[in-house]
Amino acid sequence: MENGGHEPVLLLEDQALIAMYMEELLHEAGFDSISTHSSYAAAIEWLQENTPELAIIETRLRDEPCDGIAEMLADRGVPYIVHSVERDEGRNHPLMGTKCKWLDKPCDPDEFVKAVKECTFPAAEMHFSNVG
């Protein structure tokens, strides 16, 4: 599942230790190209010239909520995972979409890797789950 020949994974996280841990999990999941940003402004600048294969986003970075980034990713057809503690009681959030998964912080590492695989290879997951 290495993304050596693919676009990088975009990781949006403003807490350094969590970002480092998420990078480690992404590496373990087979991704070697990860672009990590802790501010909305830096992420938008990066997205002006890049489209990721997958994004892991926090609901709010240091300087702004990530709603605009989620819309941009959805418009480009990029699957993304929201990894956050910030969610309303009804389990609804403006960042949720059809190509999105939500993982509450903290999440189990195996759950995270499973979500990454489901987002990046949904057809393969369906094929394997229907075999046998």
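Looking only at segment 73-88, count how many residues are surrounded by 13 or more Cβ atoms within 10 Å (Cβ to Cβ) and assigned to a loop (DSSP other than H, G, I, E, B).
Total meeting the criteria: 4.
For segment 55-66, state whether one or more residues are closer than 19 Å to Glu23 by Cα and touching a His at 6+ places or on another chain (Cβ under 6 Å).
yes
Tell me which of these Tyr21 doesn't satisfy, since it passes every other one: (1) aromatic (Phe, Trp, Tyr); (2) farther than 13 Å from Cys100 by Cβ; (3) buried (at least 19 other Cβ atoms within 10 Å of the Cβ).
Tallying (1) aromatic (Phe, Trp, Tyr); (2) farther than 13 Å from Cys100 by Cβ; (3) buried (at least 19 other Cβ atoms within 10 Å of the Cβ), Tyr21 fails exactly one: (3).
Under the condition of being of a type outside the set (A, V, I, L, M, F, W, C) and within 13 Å of the chain's Cα centre (by Cα), which residue from segment 78-98 is modelled with the lowest pLDDT?
This residue is Gly97.
What is the residue count in segment 21-60 for residues that are over 18 Å from Cys107 (Cβ atoms) and in a loop (DSSP other than H, G, I, E, B)?
Of the residues in that region, 11 qualify.
For residues that are within 16 Å of Val9 (Cβ to Cβ) and either touching a helix residue (DSSP H, G or I) at 6+ places or on another chain (Cβ under 9 Å) or not hydrophobic (A, V, I, L, M, F, W, C) (or both), tally how many sit in segment 50-82.
Of the residues in that region, 20 qualify.
Based on what the data block shows, is Ala70 buried (at least 20 other Cβ atoms within 10 Å of the Cβ) and modelled with pLDDT under 90?
yes
Where the second residue is assigned to a loop (DSSP other than H, G, I, E, B) and modelled with pLDDT of 90 or more and the first is charged (D, E, K, R) and lies in segment 68-87, which pairs have Cβ atoms under 7 Å and are six or more apart or on separate chains?
Arg76/Thr51
Can you name the number of the only condition in (1) at pLDDT below 85; (2) in a loop (DSSP other than H, G, I, E, B); (3) not polar (S, T, N, Q) that Asp63 fails?
Only one criterion is unmet by Asp63, namely (1).
The values are calculated or read from the model by the stated rules, or taken from the named source; none is laboratory data. Just so it is clear, the model here is predicted, and its values are computed rather than measured. In this analysis, Cβ positions are derived from the backbone assuming ideal geometry, glycine residues included, and neighbour counts consider all displayed protein chains.
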